[in-house]
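Undergrad: Below you'll find the structure I mean.
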Amino acid sequence: MKLIKVYWLLAVVAYFGTSSIVHAQLPGKVGSLISADRTAANIAKRENPHKALTSIVDKESTLYVPSPVNAINYLNNRPNIPDVMSWEPNFALVSKSLDWGVTSGPMEFQKVGAIKRYGQYLTVWRRDRKGNWKVHIRAEVENFGKGSKSDLVFYEPDDSWYLKHRSKVRLQQREEVVTQSDELFSTILKANNEAAFNEFLADDVRYYYPWETEIEGKKNVLAFLKKKRIEITTDPSGVGRAYSGEYAYTSGTATVRSKEKVVNFNYIRIWQLKDDYQWRVIIEMMFER
């Protein structure tokens, strides 16, 4: 696995330039996922958000709106989605098995006659039987859009060996390991938020919270939670893991207590199995439900 940064200017050049420029900037493995995300964003820009989202979902896709719903059923009912929507990934990863990935980044959206609004999106992807990238889960959180443009960061998978399990029982057991990590995280949160976040957040974690710009780095996340006097408890309910095993997600509900109020949230956590064989959260999104 290689962690690579591409400066925003180069990412924009790659986005609006020729295909040869795109390939020059992005490795082929993670580049295929970034291209799929950008293609959908282009459809939203040229045509409409409904067609863009429809192009990247199937019957197994889930959208948080903000509660989780089946994407096909939701979009077929012509939902009240924005008339204009744009987004650009500033983070992407693909598993070694090339079947599982994540993108996230800033977005803008607007209804005709209303003010422009801003936010952050997070998408967990999987490949379908034809090899096309499809949304597994997608969620959004709104903010004020005041953050500066950040570099595009992507994890390019290496070609190292991984165990190829065939047993459905064994694959389920591997997911249960991730669930157990999230359950332990949740248990420690009830006793001591700072200790829990210190233990389970990766040093380079990205944190998405309503009405806040993207927070990067564990130290900055801890400082934010302390400053806002935020206490969080979580209850896991969903899990998914890449076939190669090094990445996973968990989802569930959360209760967020601040100095002003208590709010019910949903959450999504993206996990990475680190070199010390410990699971660490590399992305956490909190959004109201």
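The values are calculated or read from the model by the stated rules, or taken from the named source; none is laboratory data. Given the structure is predicted, the values throughout are model-derived calculations rather than measurements. Positions of Cβ are backbone-derived with ideal geometry, glycine not excepted, and every protein chain shown enters the neighbour counts. For the accessible areas, the whole protein counts, side chains as well, though only heavy atoms, and no ligand, DNA or RNA atoms are used. Shrake-Rupley method; radii C 1.70, N 1.55, O 1.52, S 1.80 Å.
Undergrad: For segment 150-174, name all the residues that are in a loop (DSSP other than H, G, I, E, B) and open to solvent by 20 Å² or more (accessible area, probe 1.4 Å).
TA: First, pick out the residues of segment 150-174 that are in a loop (DSSP other than H, G, I, E, B): 150-151, 157-167.
SER150, ASP151, ASP158, ASP159, SER160, TRP161, TYR162, LEU163, LYS164, HIS165, ARG166, SER167 - these are the residues of segment 150-174 that are in a loop (DSSP other than H, G, I, E, B) and open to solvent by 20 Å² or more (accessible area, probe 1.4 Å).
Undergrad: Looking at segment 90-149, which of its residues are hydroxyl-bearing (Ser, Thr, Tyr), open to solvent by 50 Å² or more (accessible area, probe 1.4 Å) and more than 27 Å from PRO79 (Cα to Cα)?
TA: The one that is hydroxyl-bearing (Ser, Thr, Tyr), open to solvent by 50 Å² or more (accessible area, probe 1.4 Å) and more than 27 Å from PRO79 (Cα to Cα): SER148.
Undergrad: If you don't mind, there's one more thing I want to ask. Can you confirm whether segment 196-213 contains a residue that is without any contact (Cβ under 8 Å) to a residue 60 or more places away in the chain and of a type in the set (Ser, Thr, Tyr)?
TA: Within segment 196-213, none of the residues are without any contact (Cβ under 8 Å) to a residue 60 or more places away in the chain and of a type in the set (Ser, Thr, Tyr).
Undergrad: Please list, ordered by residue number, the strands (runs of 3 or more DSSP E) wholly in segment 195-284 having 3 or more residues that are among the aliphatic types (A, V, I, L, M), within 24 Å of SER150 (Cα to Cα) and at pLDDT 95 or above. So that I can check it myself, show each step before the final result.
TA: Details: elements: 201-208, 231-241, 247-257, 262-273.
Qualifying strands (runs of 3 or more DSSP E): 201-208.
Undergrad: For segment 34-95, which fully contained strands (runs of 3 or more DSSP E) count at least 3 residues that are more than 18 Å from LYS116 (Cα to Cα) and modelled with pLDDT of 95 or more?
TA: Counting at least 3 such residues, we get 62-64, 68-70, 91-94.
Undergrad: Going by what's in this entry, would SER237 be described as among the polar types (S, T, N, Q), without any contact (Cβ under 8 Å) to a residue 60 or more places away in the chain and touching a Gly at 6+ places or on another chain (Cβ under 9 Å)? It would help to see each step written out before you state the result.
TA: Numbers: among the polar types (S, T, N, Q): yes; without any contact (Cβ under 8 Å) to a residue 60 or more places away in the chain: yes; touching a Gly at 6+ places or on another chain (Cβ under 9 Å): yes.
Against the criterion (among the polar types (S, T, N, Q), without any contact (Cβ under 8 Å) to a residue 60 or more places away in the chain and touching a Gly at 6+ places or on another chain (Cβ under 9 Å)), SER237 qualifies.
Undergrad: Go through segment 215-267 residue by residue and tally those that are charged (D, E, K, R), closer than 30 Å to SER61 by Cα and surrounded by 19 or more Cβ atoms within 10 Å (Cβ to Cβ).
TA: Of the residues in that region, 2 qualify.
Undergrad: Here is a follow-up. TRP87 passes all but one of (1) open to solvent by less than 40 Å² (accessible area, probe 1.4 Å); (2) in contact with a Ser or Thr (Cβ under 8 Å, 6 or more places away or on another chain); (3) within 23 Å of ILE268 (Cα to Cα); (4) not charged (D, E, K, R); which number fails?
TA: All conditions are met except number (2).
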